[in-house]
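The values are calculated or read from the model by the stated rules, or taken from the named source; none is laboratory data. Here the structure is a predicted model, which means the values were calculated and not measured. Cβ: placed from backbone, ideal geometry, glycine included. Neighbour counts: every protein chain shown. Calculation scope for accessible area: heavy atoms of the full protein, side chains included, ligands and nucleic acids excluded. Shrake-Rupley method; radii C 1.70, N 1.55, O 1.52, S 1.80 Å.
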Amino acid sequence: MGRSFAAMARRALPALLALIALLADLSGSHGVALAFVLASIPAAFALALECYGDALEARCGGLRPLTAVGGLGLLVLSAALRSPAVVGGVPRLAVSAVVLCLFLYAATLLGALFTVETTVAAASEEPELERLAA
């Protein structure tokens, strides 16, 4: 509960930028999609560092940093495949990498929600156990 709105928005930013890039790709605006993929890379890097810090402080397991780094790698792959030197349109693998990145971020979100839910449930059971022990 101690997380601020800015921290939550910072965690959602890479997924939001990747989603906008995917929508731009689907509409045929591949230049705009490249710009959003490139913008999402620093945000994804910050997310990966934050998740790694959370893992070091034992606020989450090791899976969350791995999925964050996987999402970052997929965004870098997509940006590399979209390079302006590539002639003939955007390769399908570049779009697929963004879609897979969004799946990883969704899995990270579900994992975080599940962790918070179980932590809240465990915290609410502790006073009950103390009351029964007394």
Residue check, residue 105 within 17 Å of the chain's Cα centre (by Cα), crowded, with 21+ Cβ neighbours inside 10 Å and among the aromatic types (Phe, Trp, Tyr): yes
Conditions (1) farther than 18 Å from residue 113 by Cα; (2) open to solvent by 60 Å² or more (accessible area, probe 1.4 Å); (3) of a type outside the set (A, V, I, L, M); number of the one not met by residue 52: (1)
Single residue of the range 108-121 satisfying the filter (out of contact with any Gly (no Cβ under 9 Å at 6 or more places or on another chain) and open to solvent by less than 50 Å² (accessible area, probe 1.4 Å)) that is modelled with the lowest pLDDT: 121
Residue 8, sole failed condition from (1) within 17 Å of residue 113 (Cα to Cα); (2) within 14 Å of the chain's Cα centre (by Cα); (3) surrounded by 13 or more Cβ atoms within 10 Å (Cβ to Cβ); (4) without any contact (Cβ under 8 Å) to a residue 60 or more places away in the chain: (3)
Scan of the range 82-99 for residues that are surrounded by fewer than 18 Cβ atoms within 10 Å (Cβ to Cβ) and assigned to a helix (DSSP H, G or I), ordered by number: 92, 93, 96, 99
